[in-house]
Amino acid sequence: MNAQRGRHWRFEQDAEGIVWLWADRAEASTNVLSSEVLTELDAHLSSIASHRPAGLVVLSAKNSGFIAGADIKEFTRIADETAGYRLIRAGQSVLERLHRLDCPTVAAVHGFALGGGLELALACRYRIAVADDRLALGLPEVRLGIHPGFGGTVRTVQLIGVLPAMQLMLTGKSVRAAQALKLGLVDRLVEASALHSAARELIQHPPAPRRAPVAQRLLGSPLARPWVCRTLLKQVAAQAPRAHYPAPYAIIELWRRCAARGAAAYEAEAQSIAHLFTTPSARNLIRIFLLQDRLKALAPKSALPLERVHVVGAGVMGGDIAAWAALRGMQVTVQDRTATLIEAALRRAAAVFSGRLRDPTQVAAACGRLLADLDGNGVTQADVIIEAIVENLEAKRALLQALEPRLKPAAVLATNTSSFMIEALAAGLERPERLIGLHFFNPVVRMPLVEIVQGPAGDAATLATATAFTRKLDKLPLPCRSAPGFLVNRVLMPYLHEAMRAAAEGVPLALIDRVAEHFGMPMGPIELADVIGLDVAGQVGTSIAQALGWPTTDLGVLRERVETGRFGRKTGQGFYAWRGGKAVKPRPRGTAPPDLADRLVLILVNECVACLRERIAADADLIDAALVFGAGFAPFRGGPLHYAQARGVRAVTARLQALAARHGPRFEPDRGWPLLEANGQAQTSANAAAACSPPQNS
């Protein structure tokens, strides 16, 4: 057998003349298509073409999966459209060489093939995949503000048809094994042990290559195409404004112009993505993606197995935390004052499992991992114990003191408090260093962030274990210092309170929300308050305001609803009526005050600056990540502090001063703004230096 080893690829030709080309990116656990990886691939493909083998199989040597996509960090070094165009055309050229090989070619996929990884697989004549729960195929580029660039906008349409291809590209969602086969993304699904033999069989007995169904091909005709485009544009416009998210509109426009046919379609794809690279939307969404990776990388490997969890409190938060831990494979016991409360949590959990898991046997297994524990017997066996009872300082403190003597020596004791400082809760504990805050956000099943809050007595081992536990839950850990409201809630409260003030001034509720949504928030502050719970928002807001010495805010519009039991979504009535989990909003009428958007957004940004000054989180990037992943701050703006830097620190502080003169001292710029300005200047210098330096492999 002829074998060669490069830095990122391994080449073997067996006795039957089949070449096996293994992707194995150096010094990485996951394959990505950096420029260096693609250049080496091109050299192998050139050699393969000249030797005319019986066939080629492209595989991954990584246990994690096939190829995760392009090297996103390289995108941050694209200075202009010309540079972006060169990068993309180089990648297209490599995959076109693969596509034009005159022997049968097979992509043998396990785990995942995403973005550029799926585009590489599409350039092969056939695709087979391991049919297990890990398999995920997708084109998620739109979530980065771009679209597929290595031929994906063309080959996906040619293979499966325009409507299925658009569904993949416009949503960025991945498909699992059965759906991938149904769509035609893969030709065969096999067991892992049969991957090589199935690839060999396809090469030795190659069937006719798959094409999109005739009905789908007809949609590309000159008569049908305008109608299809109008339908797609209407669907996209309902989800993503063009001004904020241009990428999905660019995908539709590419197909409208070229119908995924001929060399012109590849050229148009390269020009389009080269332009998108330079847009603020793409630059900021790529920034957020890299911040997400930074949060994931914070977690060390834990010395504890982290297999058993005990949750005290079966309410909405406690029950959902318990359900999520069971869904992620842990053995979970849940405790509360009565069996009735626990049973309600188990019913909610079963609904979560049914919605997330397609296989009834998996649903049953998840239910089996979540057990009622009225007497709290699971405490002594748990690796992590989470207190999630009512937000009452004395009740929480008493419970934690009762739990502590029953813990295993290395177990972590955690609280899900949303407002109390960790040192206040740890008072009276024998080992206050083992108490840590694990602040989940509602709804737990959807919100990715967990604030990991450490008091002054906390130790490194507890922080490391809590961070590892958060990643095992597939959540994003955000370490922060114990302080009133921690980070996200503290920053949200001025934003929510300003919305209440606007409502008290007579601005219609739906109009307030529309102003925030036009800025880019996923929901407005009025709707958000309903989702949080008006009782919780009022209690937490008052607690934070008192602790920080903020001026008293008259929240009569909120108080009157709480006093009559209208707590928001959980009671079906708050500021809005709720039906089927959605707010029923009247049509916004009238015109919002011209400064309302700045009142809402800049008071939030100003509080972020205060948190930066107080080092509630380590740096500005982590604060931005917290607000995007914990509060849904418009991701295409890159985070609140990044937004302020892009707008101009001096311009923002001048605007705050103008708002303070008109509306009161709550808008006075925090004294931490010079820190943010210095941070921005340092970042600009670093970026300039990087632009003048040769690219480094990431």
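Mind checking Rg over Rh on the range 222-307, alpha carbons, Kirkwood formula for Rh?
Values: Rg = 19.0 Å, Rh = 15.8 Å.
With Rg and the Kirkwood Rh in hand, the quotient comes to 1.20.
Using the Karplus equation 6.51 cos²θ - 1.76 cosθ + 1.60 (θ = phi - 60°), what ³J(HN,Hα) coupling, rounded to whole Hz, does each residue of the range 7-15 give in order, writing x for Gly and Pro?
Here the 3J(HN,Hα) series is 6, 10, 9, 10, 10, 9, 10, 8, 5 Hz.
Two-decimal Rg/Rh of the range 2-278 from alpha-carbon positions, Kirkwood Rh? Numbers along the way, then the final one.
Working: Rg = 18.0 Å, Rh = 18.9 Å.
Rounded to two decimals, Rg/Rh equals 0.96.
Hey, what angle do you get for helix 316-327 against the long axis of the chain, alpha-carbon based, 0 to 90 degrees rounded to 10?
For helix 316-327, the angle is close to 30 degrees.
With no solvent and one equal point scatterer per Cα, compute the Debye intensity ratio I(q)/I(0) for the range 340-415 at 0.13, 0.25, 0.27 Å⁻¹ and report its log10, rounded to two decimals.
Once normalised to I(0) and log-transformed, intensities are -0.52, -1.15, -1.20.
Viscosity 1.306 mPa s, temperature 10 °C: what is the translational diffusion coefficient of the range 489-683 from Stokes-Einstein with a Kirkwood Rh over Cα pairs, rounded to a whole number of µm²/s?
On the way: Rh = 17.1 Å.
The calculation lands on 93 µm²/s.
Measure nothing fancy, just the Cα-based angle from helix 509-519's long axis to the longest principal axis of the chain, in degrees from 0 to 90, nearest 10.
It works out to around 40 degrees.
At each listed q (0.13, 0.22, 0.25 Å⁻¹), what is the log10 of I(q)/I(0) that the Debye formula gives for the range 406-505 modelled as equal alpha-carbon point scatterers?
-0.49, -1.12, -1.33
For VAL450, what residues show an amide H to amide H distance below 5 Å, using hydrogens built from the backbone and excluding near sequence neighbours?
LEU476, LEU478
Report the calculated FRET efficiency for ALA597 and LYS296 (r = Cβ-Cβ distance, R0 = 35 Å), to the nearest 0.05. Mind dumping the intermediate values first?
Working: r = 33 Å, r/R0 = 0.93.
The computed FRET efficiency comes out at 0.60.
If you place +1 on the Cβ of every Lys and Arg and -1 on the Cβ of every Asp and Glu, how big does the dipole about the Cα centre of the chain come out, in debye to the nearest 20?
Approximately 1780 debye in magnitude.
Beta carbons within 10 angstrom, averaged per residue: use that to sort the peptides 467-473, 302-308, 286-292, highest first.
Sorting 467-473, 302-308, 286-292 by mean packing, highest first, produces 467-473, 286-292, 302-308.
Kirkwood Rh over Cα pairs of the range 269-387 into Stokes-Einstein at 4 °C, 1.567 mPa s: D in µm²/s? Working shown, then result.
Values: Rh = 16.6 Å.
D = 78 µm²/s.
When the Cα centres of the range 435-482 and the range 610-625 are compared, how far apart do they sit, in Å?
Value for the Cα centre distance between the two parts: 16 Å.
Pick the calculated semi-axes √(5λ) of the Cα gyration tensor in Å for this structure from (1) 46, 31, 25; (2) 73, 29, 23; (3) 37, 35, 26?
Matching entry in (1) 46, 31, 25; (2) 73, 29, 23; (3) 37, 35, 26: (1).
Take the alpha carbon atoms of the range 161-204, find their center, do the same for the range 359-404, and report the distance between the two centers in whole angstrom.
41 Å
Tilt of helix 162-171 relative to the longest C-alpha principal axis of the chain, in degrees (0 to 90, nearest 10)?
So the inclination is approximately 40 degrees.
With each run of n ≥ 4 DSSP H residues scored as -39500 (n - 2.57), what mean residue ellipticity at 222 nm is computed for the chain after dividing by its residue count and rounding to the nearest 500 deg cm²/dmol? All intermediate terms of the calculation are to be shown ahead of the outcome.
Details: 29 runs with 346 residues, N = 698.
Theoretical 222 nm ellipticity from helices: -15500 deg cm²/dmol.
Counting other C-beta atoms within 10 Å, and keeping those with at most 10, which DSSP coil GluC sites (Glu not before Pro) do you find in the range 212-306? Show your work: numbers first, answer last.
Working: sites: GLU253, GLU267, GLU269; in loops: none.
Counting only loop positions with at most 10 other Cβ atoms within 10 Å, none of the GluC sites (Glu not before Pro) in the range 212-306 qualifies.
What are the ³J(HN,Hα) couplings of the range 438-447, residue after residue, when phi is run through the Karplus curve with 6.51, -1.76, 1.60 and θ = phi - 60°? Round to Hz, x for glycine and proline.
Going residue by residue, I get 10, 8, 7, 10, 9, x, 4, 5, 10, 7 Hz, with x marking Gly and Pro.
What are the ³J(HN,Hα) couplings of the range 634-649, residue after residue, when phi is run through the Karplus curve with 6.51, -1.76, 1.60 and θ = phi - 60°? Round to Hz, x for glycine and proline.
2, x, 5, 9, x, x, x, 6, 5, 4, 5, 5, 5, 6, x, 4
Provide LYS585, LYS234, LYS396, LYS408 in ascending order of the number of other Cβ atoms located within 10 Å of each residue's Cβ, fewest first. Intermediate values should be presented prior to the final figure.
Values: LYS585 17, LYS234 9, LYS396 22, LYS408 14.
Placing the least packed residue first, the sequence is LYS234, LYS408, LYS585, LYS396.
Which residues' amide hydrogens lie under 5 Å from the amide hydrogen of LEU438, considering only partners 5 or more residues apart or on another chain, with H built in the peptide plane?
For LEU438, the qualifying residues are THR415, ASN416, THR417, VAL453.
Return the whole-Å distance between the Cα centroid of the range 628-655 and the Cα centroid of the range 111-157.
33 Å
Please pull out the direction-averaged projected area of the range 1-131, using the convex hull of its alpha-carbon atoms, in nm² to one decimal place. Walk me through the numbers before you get to the answer.
Details: hull surface 31.4 nm².
Averaged projected area of the range 1-131's Cα convex hull equals 7.8 nm².
For the range 578-659, just say rounded, prolate or oblate: build the C-alpha gyration tensor, square-root its eigenvalues into a ≥ b ≥ c, call rounded for a/c under 1.5, and beyond that prolate if a/b exceeds b/c, oblate if not. Spell out each step's value before the answer.
On the way: a/c = 2.57, a/b = 1.35, b/c = 1.90.
Oblate, because a/c is 1.5 or more while a/b does not exceed b/c.
Using only the alpha-carbon atoms of the range 123-191, report the extent along each of the three principal axes, biggest first, to the nearest angstrom.
On the principal axes, the range 123-191 reaches 35, 23, 20 Å in Cα extent.
Please list, in chain and number order, the residues 5+ apart from ALA107 or on another chain whose amide H is under 5 Å from its amide H, with Hs placed from the backbone.
VAL58, TYR126, ARG127, ILE128
Between SER354 and ASP133, how many nm apart are label points set 7 Å from Cα along the C-beta direction?
Result for the modelled spin labels: 1.9 nm.
Take the alpha-carbon positions of the range 308-482, form their convex hull, and give its projected area averaged over all directions (one quarter of the hull surface) in nm². It would help to have the intermediate numbers written out before the result.
Working: hull surface 34.9 nm².
If I average the Cα hull's projected area over directions, I get 8.7 nm².
Beta carbons within 10 angstrom, averaged per residue: use that to sort the peptides 40-47, 487-494, highest first.
Numbers: 40-47: 17.8, 487-494: 25.8.
Ranking the peptides 40-47, 487-494 by packing returns 487-494, 40-47.
Looking at LEU528, LEU612, ALA577, which one has the Cα that reaches farthest to the positive end of the dipole of the range 523-614 (charges on Cβ: Lys, Arg +1; Asp, Glu -1)?
Projecting each Cα onto the dipole axis, the largest value belongs to ALA577.
Throughout, read-outs are computed from the coordinates displayed, never taken from laboratory work. Given the structure is predicted, the values throughout are model-derived calculations rather than measurements. So basically every Cβ, Gly included, is an ideal-geometry build from the backbone, and we count neighbours across all protein chains shown.
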